[in-house]
Amino acid sequence: MTIITIATAMLDYDFMRNAFAAAGVAAIVSGLVGYFLVLRGQTFAGHALSHIGFAGATGAVLIGVASIWGLVGFTVAAGIGMGLLGERLSGRDVAIGVVLALALGFGLLFLHYYTAFATQATALLFGNVLAVDRSTIGTLAGLGLITLAALAAIMRPLIFASLQPELAEAKGVPLRFVSTAFLAIVALAVSECAQIVGILLVFALMVGPPATAQRLVTGLWSGMLLSAVLALAEAWVGIAIAYDTDWPVSFCIATLSALGYFLTRGFRPRQGAT
Amino acid sequence: MNVIELDRVTVDIGGRSVLADACLAIKRGEFIGVLGPNGAGKTTLMRTILGLLTPSAGRLRVFGRAPQRGDPQIGYVPQVRTLLPDLRVRGFDFIASSVRGERWGVPSLTLADRTMIEKTLATVGAHDLAARPLADMSGGERQRLLLAQALIGEPQLLLLDEPLISLDYRYQETVIDLVRRFARERNITVLFSAHELNQLIGALDRVLYLGNGHVALGTVAEVVTAPVLSQLYGADIEVVRADGHIFVLSRGRDVERSPHMHDDGHGGHDHGDHDHGGHDHHHHRHGHA
């Protein structure tokens, strides 16, 4: 049997086609937004947002709303809050740690009252891309477009402020606004990404691919592009492996992400003269 | 024409007057060495000229008008450089980020922008840095890159805040010569802050000493004297001239070791912890006595 026949058989299934479509959208958004997250050294903020999203997602399920809207609502609000509170809080602050624990605690409480659905917890925490339906793909695509449009709108001052904050401020870049808008964008990307790999594994698509890309190339555009391509490849190959082996999809994606990162860690890109 | 004019300007930061009633005028094309102990207001003066800080009293004129934030006529090398430790972005893209970096939208460079960046990199001898990631550069190489960036776009005024920090001695001379030549060829005004007067003596037209909220601007012969510096430092200062070098020594209370305040301690603007690359930044020494 060749790979092609396996692939054709795989794509005969509706749920597999949905999984590839949803993962594709989320991976590209995650790879692009994640590139800036890693560039700015704010990966911890991404982690924090996903945890806070857990409370939102479970809260939404409890009151009968689709979990993604709870995720989006909570993470965007938290992202804006973190941005407004300033640089210090979006970093590795004790306060963030306490808020994270509180958010996960609330998530647990909401799940506790939503007794009918224990699998919901697993799906939220570790993702369940094989259960994605058509309407969710539409939602993901719409959110993805909004996320990327917002990213494009602030990209230039975002790069300037990330690389040289003091100079950017002197040249008139509103630092606080840019960092707040960026965290709101990260929040949207986290919500998308969590639909695929789950809240606990958003790093697999948002940090692994961009960190790998930054080991391999040093250009901004080439880095962004490679990050998106890697995220997409890891998501799709991960799903294919899961189909073949019956291992959980998120495990496969997380493994590929880690493999990519560690294999390229010692890599030095070739340079002009020296 | 005066490029910078301060008329009884007071700048308060965190309840302290970093500049008090300061008056000075700097003419076009002058190379001004800015000196004074840490916390004396060197960075504050530059940030005020950039329009990032507003004087609480007095009148400040830059190019004959109130300072404008983001003025393209000003090239700036900030002192506090928050550089991400593992920045794997190449030198060219790092510099390019500042080209119209304050505008919204997706970044794009015209062919003219690229040529301009390449040309400026060549001017400071940093052509080889274009393709290398920042993380692999030494402190001196990064500094060269930042200097190149300040020169992009035909600035009329250069504000260089401690550009010699983290450079080895040999390259410090090169940077001073480079700035001097670049500025003289184009009749650009330069404010160059430093810790060491002697290095700058050959390059500067006038020297601006700051201390205790006061400023003293004039030739080295006028300003670097025991009475003037004693007043600025608020301590007995002795000035010894020997072999073309000037040593500023303090007796009695040692101003160099007095409790030190950071230049960059402007309120509400947190840069986080930064060490200055292990350089002796906390003691202000002109003399090696």
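Read-outs throughout are calculated quantities, based only on the coordinates presented, and are distinct from any laboratory measurement. None of these values were measured; they are calculated from a predicted model. Counting neighbours? That spans all protein chains shown, and the Cβs are built from the backbone with ideal geometry, glycine included.
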Shape call, chain A: gyration tensor on alpha carbons, a/c limit 1.5:
oblate
At R0 = 22 Å the Cβ-Cβ FRET efficiency linking A:S135 and A:A77, nearest 0.05, sits at 0.35
Considering only DSSP beta bridges with both partners in the protein assembly as shown, what is the antiparallel share in %, to the nearest 5?
60
Spin-label pair B:R184/B:R69, simplified geometry with 7 Å Cα→Cβ offset, distance in nm:
3.8
Choice from A:E192, A:E169, A:E234 with maximal GNM fluctuation in chain A (Cα, 10 Å cutoff):
A:E169
By the Cα gyration tensor axes a ≥ b ≥ c (a/c under 1.5 gives rounded; else a/b larger than b/c gives prolate, otherwise oblate), the shape of the protein assembly as shown is prolate
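Using a 10 Å cut-off around each Cβ, can you sort A:L263, B:L232 from fewest to most neighbouring Cβ atoms?
The fewest-first ordering by Cβ neighbours comes to A:L263, B:L232.
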Cα-based shape type of the stretch A:1-132, given that a ≥ b ≥ c are square roots of the gyration tensor eigenvalues and the cut on a/c is 1.5
oblate
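What helices does chain A have that are whole DSSP H segments, at least 20 Å long along their own axis by Cα, and with mean Kyte-Doolittle hydropathy of 1.6 or more? Working shown, then result.
Details: long enough: A:14-39 (37 Å, 1.50); A:43-62 (29 Å, 1.03); A:67-85 (27 Å, 1.72); A:94-113 (29 Å, 2.26); A:134-163 (40 Å, 1.49); A:175-197 (32 Å, 1.76); A:220-245 (37 Å, 1.38); A:249-264 (23 Å, 1.69).
In chain A, the long hydrophobic H runs are A:67-85, A:94-113, A:175-197, A:249-264.
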Using label points projected 7 Å from each Cα along Cα→Cβ, tell me how many nm separate B:E118 and B:N2, to one decimal.
4.4
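If I take every Cα pair under 8 Å that is 6 or more residues apart in the stretch A:1-157, average their sequence separation and divide by the length, what percent do I get for the relative contact order?
Details: 130 pairs, mean separation 51.1, N = 157.
Reported as a whole number, the value is 33 percent.
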For peptide A:217-224, compute the average count of partner chain beta-carbon atoms within 10 Å of each residue's beta-carbon.
5
